[in-house]
């Protein structure tokens, strides 16, 4: 049991805690008093900690708290900090959400442990760096001075290796944190101001879960909650949030909370973009003070259960408002991806990937939140043997040889996925950039050859364009299956698609097409009607022609599917709506269109009608649209003094009804050789204007 002196000191005047970010003063005392008054339960855990704090000989000196999110780990650590301050010992408090999950950052944050005698180290959210557990056990903790007390809290239980090492048996105490009992649950509700008459339905709903109890009590304390119908958990949480949202200060505050529920991280900048007519600074300050909002390295975010309920409620209540908010957030993120520095753009890509993955059916394609974290790093020369050997183990000798080939040809295309803190290689991918693929290279890589053949047959690359291809997706333990490492693949593919200049085609080579096809289709990539084999593995190709469906339309389609459900997998939906002609075929089609000017039936078969050029400007009649565009190109010639003399040559030859070129030359009173020279140059100028409009380098007047 704790000493009476310790308990009395805590209950009288709580001292401030000495932490890296702490301070003492009247406000600190008031906050500490509120924590003491509102804390309930956890008697057994407190008694164990107090015995260790008082230096009992048989007490443990390292505690590991574990339990699910919202179970009260952080609240218990805060209470431990107060107990430590009351005992006159220094507190070193580390929240792993606020530092980089690496040994170096941890050592820096914990440096006071080595400088202050009998310090108490409290570590929260350790699941964020679960990969550091072996390092913590084997390197850091053995170096802490005698007399230091350590408490580590996280969602995951400790590795069994702790108990396998008998040396830890007298030092370590594992404390699984469960739900509160009925009496403690009722006490928590009372401390939050909930009417006692509502305790029974609230307790039945929350089942002792502290976060759910606090949310329920918040609603009950509003007063108008006697008619609340306590139904299954998700419905209850949504109902609770609807009561909270109904009491918000203004519609602007409601919209700010909805933004926070939808975006991965909310910043004042994001609120300023999505809500341009509101005071973003005031709204962000208000958000940070809400009981269910947390603040991380990159912004504010709600608890998961609150986030999901906010988002689903808005989607159901106001679909059009939801789409408008989503598009505003998406536009901001896409802008950051395309124009911000690379690291900032990659973070924005993670945010974009998050908001387009909010539908329930998409979640199975992403890694579990409980998995250890991974990060993307550039390829280093010393990684070569590791990547080749990993490929050999996962895909065989032939694929390993191909990885070696591409590491020589395009080392910059490789992105390595590493475990946080240890730097261990978990997997890698390559995003190849291909502007050509000659006959000599064809036998080298059958997968790239198949992709190139398809692109060449469907819509060849034009001058200056390239094919971007996700060629190798190799990961230990999650081969072509969802994982946190695979989430990095999604992020990189989206980054390259949105960031690239003159990317005509993108392609993802996948060895598990049946599983991934719904997500690929959702991302606007259809399965090409061919595959390729390397060794015993067969790779399907998911492709997208960015000249046929451009970025904005692609994003709009994703938005539509986000609300309507998985896209159709019917073969009829596999092909893009538009055709991307090579420059030679495009020029030939322009010449044919001029020659067929007075024949609407012939014009109706012209390939230009299936190009983006016409589709972007068509009203009701595609033939009339094509004629109008050609006339605009002719007007450009007439408006330019350098080409004005070519205008009558073209209009006389094609728009006027002359029987032969010789007749056109006579009507123009021009020598035939001069006429032919002007005609050739004029057609070339029209082709150039139309081509620039087709490729997006210019727009018609």
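Candidates are the residues of region 465-479 that are farther than 19 Å from residue 411 by Cβ and at pLDDT 85 or above; the one that is farthest from the chain's Cα centre (by Cα) is 465. In summary, residue 155 fulfils each of the numbered conditions (1) under 32 Å from the mean Cα position of the chain (by Cα); (2) modelled with pLDDT under 80; (3) closer than 20 Å to residue 41 by Cα; (4) not assigned by TED's automatic domain parsing to the domain that holds residue 43 with the single exception of condition (4).
Determine whether residue 166 is on the phi < 0 side of the Ramachandran plot and either surrounded by 14 or more Cβ atoms within 10 Å (Cβ to Cβ) or in contact with a strand residue (DSSP E or B) (Cβ under 7 Å, 6 or more places away or on another chain) (or both). No; evaluated as a whole, the condition is false for this residue. In summary, helices (runs of 4 or more DSSP H) completely within region 184-278 and bearing 1 or more residues that are closer than 15 Å to residue 306 by Cα and modelled with pLDDT of 80 or more occur at 210-220, 251-262. Checking 404, 340 one by one, the residue that is touching a helix residue (DSSP H, G or I) at 6+ places or on another chain (Cβ under 8 Å), surrounded by fewer than 20 Cβ atoms within 10 Å (Cβ to Cβ) and assigned by TED's automatic domain parsing to the domain that holds residue 298 is 340 and no other. The residues of region 264-278 that are over 19 Å from residue 98 (Cα atoms) and surrounded by 15 or more Cβ atoms within 10 Å (Cβ to Cβ), listed by number, are 270, 271, 272, 273, 274, 275, 278.
Okay, residues lined up against (1) surrounded by fewer than 20 Cβ atoms within 10 Å (Cβ to Cβ); (2) at pLDDT below 90; (3) assigned to a helix (DSSP H, G or I); (4) in contact with a helix residue (DSSP H, G or I) (Cβ under 8 Å, 6 or more places away or on another chain):
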position: 44; (1), (2), (3), (4): yes, no, yes, no
position: 48; (1), (2), (3), (4): yes, no, yes, no
position: 57; (1), (2), (3), (4): yes, yes, no, no
position: 83; (1), (2), (3), (4): no, no, yes, yes
position: 97; (1), (2), (3), (4): yes, yes, no, yes
position: 107; (1), (2), (3), (4): yes, no, yes, yes
position: 118; (1), (2), (3), (4): yes, no, no, no
position: 121; (1), (2), (3), (4): no, no, no, yes
position: 129; (1), (2), (3), (4): no, yes, yes, yes
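Checked against (1) modelled with pLDDT of 85 or more; (2) surrounded by fewer than 15 Cβ atoms within 10 Å (Cβ to Cβ); (3) not assigned by TED's automatic domain parsing to the domain that holds residue 59, residue 138 passes all but condition (3). Residues in region 524-552 that are surrounded by fewer than 17 Cβ atoms within 10 Å (Cβ to Cβ) and either under 18 Å from the mean Cα position of the chain (by Cα) or outside any strand (DSSP E or B) (or both): 5 in all. Of the helices (runs of 4 or more DSSP H) lying entirely inside region 422-523, those containing at least 3 residues that are assigned by TED's automatic domain parsing to the domain that holds residue 564 and in contact with a helix residue (DSSP H, G or I) (Cβ under 8 Å, 6 or more places away or on another chain) span 484-499, 513-522.
Within region 580-603, if we keep just the residues that are buried (at least 20 other Cβ atoms within 10 Å of the Cβ) and assigned to a loop (DSSP other than H, G, I, E, B), the residue that is modelled with the lowest pLDDT turns out to be 580.
The values are calculated or read from the model by the stated rules, or taken from the named source; none is laboratory data. Worth saying up front: this structure is predicted, and the values here are computed from it rather than measured. As a convention, Cβ positions derive from the backbone with ideal geometry for all residues, glycine included, and neighbour counts pool all protein chains shown.
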